[in-house]
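Remarks on the structure that follows.
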Amino acid sequence: MSIQNTLKALSDPTRREILNMLKKGSMSAGEISEQFSVSFAAISRHLSVLKEADLIRDERDGKYIYYELNASVLEEIMLWITDLKGETKND
């Protein structure tokens, strides 16, 4: 995992909104795209960046691709930030 790729992916508000949507469960690219007023190609690029950062996983089901949140990467980032702040479990 590259923290730089992860932070870059998280820096975009559209990608953060996609992650929020995927908290509720897996969604197809079409279902995700319907929630935004940008092109399907733009959403596809956002999904690609999120996947490259390992923040989401995809699974093909017939002609559809379903995306789901990969929370383990977010947990690693949270641990890194906590360590960076110098907090302990007792803080």
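Values for this structure:
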read-out: Ala42-Lys8 pseudo-label distance in nm [points 7 Å out on the Cα-to-Cβ vector]; value: 2.0
read-out: Theoretical ellipticity at 222 nm over the chain - DSSP helices of four or more residues, -39500 (n - 2.57) apiece, nearest 500; value: -16500 deg cm²/dmol
read-out: Burial ranking of peptide ranges 60-72, 21-33 (average Cβ count within 10 Å, highest at the top); value: 21-33, 60-72
read-out: 3J(HN,Hα) from dihedral phi, segment 8-17, Karplus parametrisation 6.51/-1.76/1.60, rounded to Hz, x for glycine, proline; value: 4, 5, 6, 6, 9, x, 5, 5, 5, 5
read-out: Carbon plus sulfur fraction of accessible area for the chain, probe 1.4 Å, in percent; value: 49
read-out: Karplus-derived HN-Hα couplings along segment 29-44 (A = 6.51, B = -1.76, C = 1.60, θ = phi - 60°), whole Hz, x at Gly and Pro; value: 4, x, 5, 5, 4, 4, 7, 10, 9, 10, 5, 4, 4, 5, 5, 4
read-out: Crossing angle, helix 71-85 versus the chain [Cα axis fit, 0-90 degrees, rounded to tens]; value: 30
read-out: Hypothetical label at Leu79: residues of segment 1-29 whose amide nitrogen lies under 19 Å (7 Å Cα-Cβ projection); value: 1-7
read-out: Protection proxy ranking, peptides 11-19, 78-86, average beta carbon neighbours within 10 Å, highest first; value: 11-19, 78-86
read-out: Convex hull volume per residue for the chain, taking Cα atoms only, in Å³; value: 107
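The values are calculated or read from the model by the stated rules, or taken from the named source; none is laboratory data. Remember, predicted model here, so these are calculated numbers, not experimental data. Because the Cβ atoms are built from the backbone with ideal geometry, glycine has one as well, and the counts that use them run over all protein chains shown. The accessibility values were calculated without ligands, DNA or RNA, using every heavy atom of the protein model including side chains. Shrake-Rupley method; radii C 1.70, N 1.55, O 1.52, S 1.80 Å.
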